[in-house]
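Read through the structure below, which is laid out as structure tokens, and then see the notes.
The values are calculated or read from the model by the stated rules, or taken from the named source; none is laboratory data. From a predicted model like this one, the values you see are computed outputs, not experimental measurements. Using ideal geometry, Cβ is built from the backbone for each residue, glycine included, and neighbour counts are taken over all protein chains shown.
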Amino acid sequence: MADPIPVIIYTDGACSGNPGPGGWCAIMRYGKHEKVLQGGASLTTNNRMELRAALAAFKALTRPCAVEIHTDSEYLKKGVTEWMAGWLRNNWLRYDPRTKTRQPVKNRDLWQALNAAMQPHRITWHWVKGHAGDEFNERADQLAVAALNSIGVKGQPDLEGLNTVVPQ
């Protein structure tokens, strides 16, 4: 079996209002090749746009890869690297310290789809500070805002519980 293909991904989500119109971008780099993915929704949250960007990038990979993924979203990175194992153990429930009860994980539809899309890949997650001069993070941010202003304002809503479709 050949070594996994090395791919570098930069993702970002943007939202005007929370909820409000939103956009997302994933920049995928393999050697000298680059692919930009964008999307948006007319009514969504920033966290959903961050998740959509990562989900779209992983779904675009056609074979197992060694992925270095860069995000400025602590929600996305911690969700995958710190929280998801517990959610899986607890049937997608999280502990709410305010009520001392288990509550459904927010954005469960996207977390479940992301979990499935990540399975064939070897992944290293990197958090980068947003708006701090990282060339590709800045570019992903600009493209996510552009998607918000073009696709997002005209798109369908994407809020949990609205029967939105998560691409398979």
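Here are the numbers for the structure shown:
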read-out	value
So ALA66, is it within 15 Å of ILE5 (Cα to Cα), out of contact with any helix residue (DSSP H, G or I) (no Cβ under 8 Å at 6 or more places or on another chain), crowded, with 18+ Cβ neighbours inside 10 Å and touching a residue at least 24 places away in the same chain (Cβ under 8 Å)	no
Every residue from segment 49-67 that is part of a strand (DSSP E or B) and among the aliphatic types (A, V, I, L, M)	ALA66, VAL67
Options ALA146, ALA132; residue that is at pLDDT 95 or above, surrounded by fewer than 17 Cβ atoms within 10 Å (Cβ to Cβ), over 14 Å from the mean Cα position of the chain (by Cα) and under 17 Å from ASP12 (Cα atoms)	ALA146
Residue within segment 119-137 that is more than 24 Å from VAL36 (Cα to Cα), in a helix (DSSP H, G or I) and not basic (Lys, Arg) present	no
Tabulated pairs, segment 106-125, first farther than 15 Å from LEU159 by Cα and in contact (Cβ under 8 Å) with a residue 40 or more places away in the chain, second of a type outside the set (A, V, I, L, M, F, W, C) and in a helix (DSSP H, G or I), C-beta under 8 angstrom, 6+ apart or interchain	ALA117/LYS59; TRP125/LYS77; TRP125/THR81
Neighbours by Cβ (under 8 Å, 6+ apart or cross-chain): first from segment 4-26, closer than 25 Å to GLU160 by Cα; second of a type in the set (S, T, N, Q) and in a loop (DSSP other than H, G, I, E, B)	THR11/SER73; ASP12/SER73; GLY13/SER73; CYS15/THR45; ASN18/THR45; PRO19/THR45; GLY22/SER16; GLY22/THR45
Sole exception among (1) without any contact (Cβ under 8 Å) to a residue 40 or more places away in the chain; (2) farther than 15 Å from TYR10 by Cα; (3) not aromatic (Phe, Trp, Tyr) for THR81, by number	(1)
